[in-house]
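K.L.:
I have a structure I would like to understand better, so I am pasting it below and will then ask my questions one at a time.
The values are calculated or read from the model by the stated rules, or taken from the named source; none is laboratory data. All values derive from a computational prediction rather than experimental measurement. Glycine gets a Cβ as well: all are built from the backbone with ideal geometry, and neighbour counts include every protein chain shown. The protein model used for the area step is the full one, side chains on, heavy atoms only, and it has no ligands, DNA or RNA in it. Shrake-Rupley method; radii C 1.70, N 1.55, O 1.52, S 1.80 Å.
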Amino acid sequence: MSKNKFHLSALTAVFKKKAVAIEAKKAHYISGKESRRISRTNRRITNRIEKERKRKHVPESEYLSVMRDPNNVVEFDNVHTYFFTDIGTVKAVDGVTFDVPIGKTVGVVGESGCGKSVTSLSLMQLVQRPQGQTVEGEIRFNTGSKVYNIVKTPTSVMQTLRGNQMSMIFQEPMTSLNPVFRIGMQINEVLELHNPEMTKTEVKAKTISLLELVGIANAEGVYKMYPHELSGGMRQRVMIAIALACNPRIIIADEPTTALDVTIQAQILGLLRELKDKINSSIMLITHDLGVIAEMADFVVVMYAGRIIEKGTAEEIFKNPLHPYTKGLLMSKPIVGKKIDRLYNIPGNVPNPINMPDYCYFKDRCVKSIDVCNGQYPPMIKISDTHYVACYLYAAKEEK
Amino acid sequence: MDKRAMHGIIISVQKKVCDVRKKIRKFASGTGKFFKNPKKYISDYKAAKKAIISDVYTPLVHNPENLLEVNNLKMYFPIKAGLLKRTVGYVRAVDGISFNIKKGTTMGLVGESGCGKTTVGRTILRLYKRTGGQVLFEGRDINKLNKKQLRLIRPKIQIVFQDPYSSLSPRMPVGEIIGEAVREHKIVPKAKFNDYITKIMNDCGLQDYHKDRYPHEFSGGQRQRICIARALALNPKFIVCDEPVSALDVSIQAQIINLLKDLQREYGLTYLFISHDLSVVEHISDTVGVMYLGDLVEYASTEMIFHNYKHPYTEALLSAIPMPDPTYKMNRIILEGSIPSPANPPSGCKFHTRCRYCMDICSKQKPKVIEVEPGHQVVCHLYDKEQLNSLGIDPEEIVKHEK
């Protein structure tokens, strides 16, 4: 009897272990049938959006809009950018709202996969279509004379804005320049496309002056070179020259210095700051390096899992961080001159982007979570005119 | 056709023919020498090669306190050109550097990309065959070991690579990645193998059930943990960490650095920590070496490097670090241009092309290693007092003038 009992308990233990393993597998597993059903619904949604986008002769009234504040270049208003994949919808950007004022630098920080790059790509309308779509919200772009709602703007109009009114500096200068064309030609292309009235000699003169502007000493020589003949820092300078070619109103710098050395990074950041004042445009700086943000940005936006969890001026964010995630990020970076025995690390990992919980996304990793956190996702709570945070810890204080 | 133009064409063709003939003659003279006296030709060639890679150093006396001693280590990569793939020059990736690491401590190696940090790490492990110099591991010269001896010493020195995405075989389950070398080197008896792997994985923050998974199922941080577990499983004494956190996010970086520190405490490991991130290096290392273009320009304890730096390059590197504090006003020194080519390094002090305290002597003469304080070595003319006195230059004046 006792022997039997032992056997039974051992068996149940084995089954339980297996059940746990199967359960763990299920979380990532989708049957073929289910996957086909998802892709069918996805196609229905994306086809509808694409059809609307591909119409010819869209009336201007449909995509023109009005700025909330005329001093802003760009206003993100509750932007949702989703990716419709075969294993479910990835909400890469899920309700992002922030402004980029004229002549200011806005830094967007967050871990990889938090949606900071997708936010900027939505602004350029460069999200991979048809699976990636901005499904909701408005991105208002102020060109001075007109205000475009980027989400609704047809591609033909976008082509006159992209590279002209807004431009982008990509992360890797090695891969974003075309290896088979000379540097001069790649800059000329931008100028010729957006200024058809310019003659060839004018274009060349402008290109060379641009190369000089970004601090390349041997501009005439570099004009005739191929990208492989330049070092990483020089290539990034060329990328900046291309971005600046048409005096854009906003420059999006997507991790412009991540691939560069510290000394070259200092050169590039100094250059960006100088140029911003020279041509009076705004910069949207995307990076995960808090040091770079602190040095460059006037306003900081902290993103986590597709949402903004805290935003404010640089001073507010770095001197008085409120959200536990922002605090964790700041504490986990070693600082030169500050001796600590152990670095703080945020426990856990970023949640799976397909099945996001309904409660605060950071709750499972948060050390300060309270009972309210199990409820709805926290709203943005106003701390000061510029400082907002999405955390229940500060909601209670506000009510008192 | 115009007669004159015709004449011009003929002349140019004649010139070209002449050029080609000259080239052929030049080539033939080389081969002719070879055929006249092949032995002499080869010995001459070897002598010329040796002259470039002069291997002059006084052999080290092993100090039992040190786990690793590096003495005048050189690693030149030949540049090959032409039809016969003859060596036409050398990329001087590591050009005579010396340091030693005490047991249970961490040495940080910093510098710009292309300065030879990674090559140092790899040459120490004998993943490259060194060109000159000496690497002593526990008093034995690694480069003089034969195959059998090398195999015995391999598990004791391990490496963690920079990119966890490309350094793990995508076709092996994690248990096999970690266990392969353990089985090969017979670290534990077969019966204990599974328990041992589990223990190592737990130590590195991985779970038991991760064993049967493949690398693509893991995030970057977890992959780096697998790499560390793979190195740790062989019971090493010394680990070269080649930029282990550069490819990771800030919050994950902190996890990995903490893990490395914990493991060091637990197993008494010694690290060579290669990184370009100075703040990370300051956090983890006990001594720091600053490299520039294959040379160790400054070598001292972490505190001295970060608070009492001497070399102008260290000064510039430190001032370039962005601080996460918007109110912090820094006196930034921006180095002009980028690092010169190591195949054709500048004469004299290699840093003189970008140095703001550059003197006449810097471009002419190679600076000596100067011990400013005990344990603080600088390679710079500014601190060579005897020489400056003989030249009648006051170094303080130069520094003041620039500031």
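K.L.:
Any idea which of A:Gly375, A:Gly348 is within 23 Å of the chain's Cα centre (by Cα), over 27 Å from B:Pro326 (Cβ atoms), open to solvent by 30 Å² or more (accessible area, probe 1.4 Å) and of a type in the set (Gly, Ala, Ser)?
P.N.:
Details: A:Gly375 fails: within 23 Å of the chain's Cα centre (by Cα).
When all the criteria are applied, what remains is A:Gly348.
K.L.:
Taking only region A:220-243 into account, find how many residues are within 25 Å of B:Ser113 (Cα to Cα) and in contact with a Ser or Thr (Cβ under 9 Å, 6 or more places away or on another chain).
P.N.:
Selection size over region A:220-243: 8.
K.L.:
Something else now. Check B:Lys199, B:Lys211, B:Lys237 and return the single one that is free of Cβ contacts under 8 Å to residues at least 24 places away in the same chain and more than 10 Å from chain A (Cβ to nearest Cβ). So that I can check it myself, show each step before the final result.
P.N.:
Numbers: B:Lys211 fails: free of Cβ contacts under 8 Å to residues at least 24 places away in the same chain; B:Lys237 fails: free of Cβ contacts under 8 Å to residues at least 24 places away in the same chain.
Within the list B:Lys199, B:Lys211, B:Lys237, the selection yields B:Lys199.
K.L.:
Please give the number of the condition A:Met198 fails out of (1) crowded, with 22+ Cβ neighbours inside 10 Å; (2) outside any helix (DSSP H, G or I); (3) among the hydrophobic types (A, V, I, L, M, F, W, C); (4) free of Cβ contacts under 8 Å to residues at least 12 places away in the same chain.
P.N.:
(1) is the only condition that A:Met198 fails.
K.L.:
Further question on the same structure: For the structure I just gave you, tell me whether A:Val106 is among the hydrophobic types (A, V, I, L, M, F, W, C) and within 14 Å of chain B (Cβ to nearest Cβ).
P.N.:
On the way: among the hydrophobic types (A, V, I, L, M, F, W, C): yes; within 14 Å of chain B (Cβ to nearest Cβ): yes.
So A:Val106 fits the description; yes.
K.L.:
Then there is this: Which residue, of B:Asn235, B:Asn202, is at pLDDT 85 or above, in a loop (DSSP other than H, G, I, E, B) and open to solvent by 50 Å² or more (accessible area, probe 1.4 Å)?
P.N.:
On the way: B:Asn202 fails: in a loop (DSSP other than H, G, I, E, B).
Answer to the selection: B:Asn235.
K.L.:
Could you check region B:173-194 and list, in sequence order, the residues that are open to solvent by less than 50 Å² (accessible area, probe 1.4 Å) and either outside any loop (DSSP other than H, G, I, E, B) or within 20 Å of B:Gln207 (Cβ to Cβ) (or both)? Break it down stepwise before answering.
P.N.:
Pass one, region B:173-194, residues open to solvent by less than 50 Å² (accessible area, probe 1.4 Å): B:173-175, B:177-179, B:181-182, B:188, B:193.
Those that are open to solvent by less than 50 Å² (accessible area, probe 1.4 Å) and either outside any loop (DSSP other than H, G, I, E, B) or within 20 Å of B:Gln207 (Cβ to Cβ) (or both): B:Pro173, B:Val174, B:Gly175, B:Ile177, B:Ile178, B:Gly179, B:Ala181, B:Val182, B:Phe193.
K.L.:
I would also like to ask the following. Tell me whether region B:381-403 contains one or more residues that are in contact with a helix residue (DSSP H, G or I) (Cβ under 6 Å, 6 or more places away or on another chain), within 26 Å of A:Ile268 (Cα to Cα) and either within 13 Å of chain A (Cβ to nearest Cβ) or open to solvent by 30 Å² or more (accessible area, probe 1.4 Å) (or both).
P.N.:
Within region B:381-403 (the criterion being in contact with a helix residue (DSSP H, G or I) (Cβ under 6 Å, 6 or more places away or on another chain), within 26 Å of A:Ile268 (Cα to Cα) and either within 13 Å of chain A (Cβ to nearest Cβ) or open to solvent by 30 Å² or more (accessible area, probe 1.4 Å) (or both)), the answer is no, since none of the residues qualifies.
K.L.:
Take the residues in region B:307-344 that are open to solvent by 60 Å² or more (accessible area, probe 1.4 Å) and among the aromatic types (Phe, Trp, Tyr), then tell me which one is modelled with the highest pLDDT.
P.N.:
B:Tyr309
K.L.:
Next question. Where residues in region B:74-95 are in contact (Cβ under 8 Å) with a residue 12 or more places away in the chain and surrounded by fewer than 21 Cβ atoms within 10 Å (Cβ to Cβ), which of them is farthest from the other protein chains (Cβ to nearest Cβ)? Give the derivation first.
P.N.:
Initially, region B:74-95 is screened for residues in contact (Cβ under 8 Å) with a residue 12 or more places away in the chain, giving B:74-79, B:87, B:89-95.
With surrounded by fewer than 21 Cβ atoms within 10 Å (Cβ to Cβ) added as a condition, the list becomes B:77-79, B:87, B:89-91.
Numbers: B:Phe77: 19, B:Pro78: 22, B:Ile79: 17, B:Thr87: 23, B:Gly89: 19, B:Tyr90: 21, B:Val91: 16 Å.
Of everything passing the filter in region B:74-95, B:Thr87 is farthest from the other protein chains (Cβ to nearest Cβ).
K.L.:
Could I ask something else about it? Would it be correct to say that B:Ser246 is within 9 Å of chain A (Cβ to nearest Cβ), hydroxyl-bearing (Ser, Thr, Tyr) and surrounded by fewer than 24 Cβ atoms within 10 Å (Cβ to Cβ)?
P.N.:
Values: within 9 Å of chain A (Cβ to nearest Cβ): no; hydroxyl-bearing (Ser, Thr, Tyr): yes; surrounded by fewer than 24 Cβ atoms within 10 Å (Cβ to Cβ): yes.
Against the criterion (within 9 Å of chain A (Cβ to nearest Cβ), hydroxyl-bearing (Ser, Thr, Tyr) and surrounded by fewer than 24 Cβ atoms within 10 Å (Cβ to Cβ)), B:Ser246 does not qualify.
K.L.:
While we're here: For B:His352, only one of the following conditions fails: (1) under 20 Å from the mean Cα position of the chain (by Cα); (2) part of a loop (DSSP other than H, G, I, E, B); (3) within 20 Å of B:Gly96 (Cβ to Cβ). What is its number?
P.N.:
Just one mismatch for B:His352, condition (1).
Listed here are the residues, each with its yes/no results for (1) open to solvent by less than 60 Å² (accessible area, probe 1.4 Å); (2) part of a helix (DSSP H, G or I); (3) of a type in the set (Val, Ile, Thr).
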site: A:Ser35; (1), (2), (3): yes, yes, no
site: A:Arg43; (1), (2), (3): no, yes, no
site: A:Tyr82; (1), (2), (3): yes, no, no
site: A:Val100; (1), (2), (3): yes, no, yes
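K.L.:
Within region A:54-72, which residues are among the charged types (D, E, K, R) and in a loop (DSSP other than H, G, I, E, B)?
P.N.:
Going through region A:54-72, the residues among the charged types (D, E, K, R) turn out to be A:54-56, A:60, A:62, A:68-69.
Hits for region A:54-72 are A:Lys54, A:Arg55, A:Lys56, A:Arg68, A:Asp69.
K.L.:
For A:Gln171, are the conditions met, namely being open to solvent by less than 80 Å² (accessible area, probe 1.4 Å) and either touching a residue at least 60 places away in the same chain (Cβ under 8 Å) or under 21 Å from A:Ile279 (Cα atoms) (or both)? Before you say what the answer is, go through the steps one by one.
P.N.:
Values: open to solvent by less than 80 Å² (accessible area, probe 1.4 Å): yes; either touching a residue at least 60 places away in the same chain (Cβ under 8 Å) or under 21 Å from A:Ile279 (Cα atoms) (or both): yes.
So A:Gln171 fits the description; yes.
K.L.:
For region A:212-331, which helices (runs of 4 or more DSSP H) that fit wholly inside it have 1 or more residues that are buried (at least 24 other Cβ atoms within 10 Å of the Cβ) and within 13 Å of chain B (Cβ to nearest Cβ)? Can you show your working first?
P.N.:
Working: elements: A:219-223, A:232-244, A:262-279, A:290-296, A:314-319, A:324-331.
So the answer is A:232-244, A:262-279, A:290-296, A:314-319, A:324-331.
K.L.:
Looking at region B:74-99 only, could you name the residues that are among the hydrophobic types (A, V, I, L, M, F, W, C) and either more than 21 Å from B:Cys349 (Cα to Cα) or over 11 Å from the mean Cα position of the chain (by Cα) (or both)? Reasoning before the result, please.
P.N.:
Taking region B:74-99 as the starting set, the residues that turn out to be among the hydrophobic types (A, V, I, L, M, F, W, C) are B:75, B:77, B:79, B:81, B:83-84, B:88, B:91, B:93-94, B:97, B:99.
If the condition is that a residue be among the hydrophobic types (A, V, I, L, M, F, W, C) and either more than 21 Å from B:Cys349 (Cα to Cα) or over 11 Å from the mean Cα position of the chain (by Cα) (or both), then B:Phe77, B:Ile79, B:Ala81, B:Leu83, B:Leu84, B:Val88, B:Val91, B:Phe99 are the ones that fit.
K.L.:
Something else now. For B:Ala254, only one of the following conditions fails: (1) open to solvent by 20 Å² or more (accessible area, probe 1.4 Å); (2) at pLDDT below 90. What is its number?
P.N.:
If we test B:Ala254 against (1) open to solvent by 20 Å² or more (accessible area, probe 1.4 Å); (2) at pLDDT below 90, just (1) comes out false.
The rows are residues; the columns are (1) in contact with a strand residue (DSSP E or B) (Cβ under 7 Å, 6 or more places away or on another chain); (2) free of Cβ contacts under 8 Å to residues at least 12 places away in the same chain; (3) under 24 Å from B:Ala320 (Cα atoms).
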residue: A:Glu212; (1), (2), (3): no, yes, yes
residue: A:Gly215; (1), (2), (3): no, no, yes
residue: A:Gly232; (1), (2), (3): no, no, yes
residue: A:Ala243; (1), (2), (3): yes, no, no
residue: A:Thr287; (1), (2), (3): yes, no, yes
residue: A:Met303; (1), (2), (3): yes, no, no
residue: A:Lys311; (1), (2), (3): yes, no, no
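A quick yes/no check of all residues on (1) open to solvent by less than 60 Å² (accessible area, probe 1.4 Å); (2) assigned to a loop (DSSP other than H, G, I, E, B); (3) farther than 30 Å from A:Gln265 by Cβ:
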{"site": "B:Glu112", "(1), (2), (3)": "yes, yes, no"}
{"site": "B:Cys115", "(1), (2), (3)": "yes, yes, no"}
{"site": "B:Thr118", "(1), (2), (3)": "yes, no, no"}
{"site": "B:Arg122", "(1), (2), (3)": "no, no, no"}
{"site": "B:Leu127", "(1), (2), (3)": "no, yes, no"}
{"site": "B:Leu152", "(1), (2), (3)": "no, no, yes"}
{"site": "B:Gln158", "(1), (2), (3)": "yes, no, yes"}
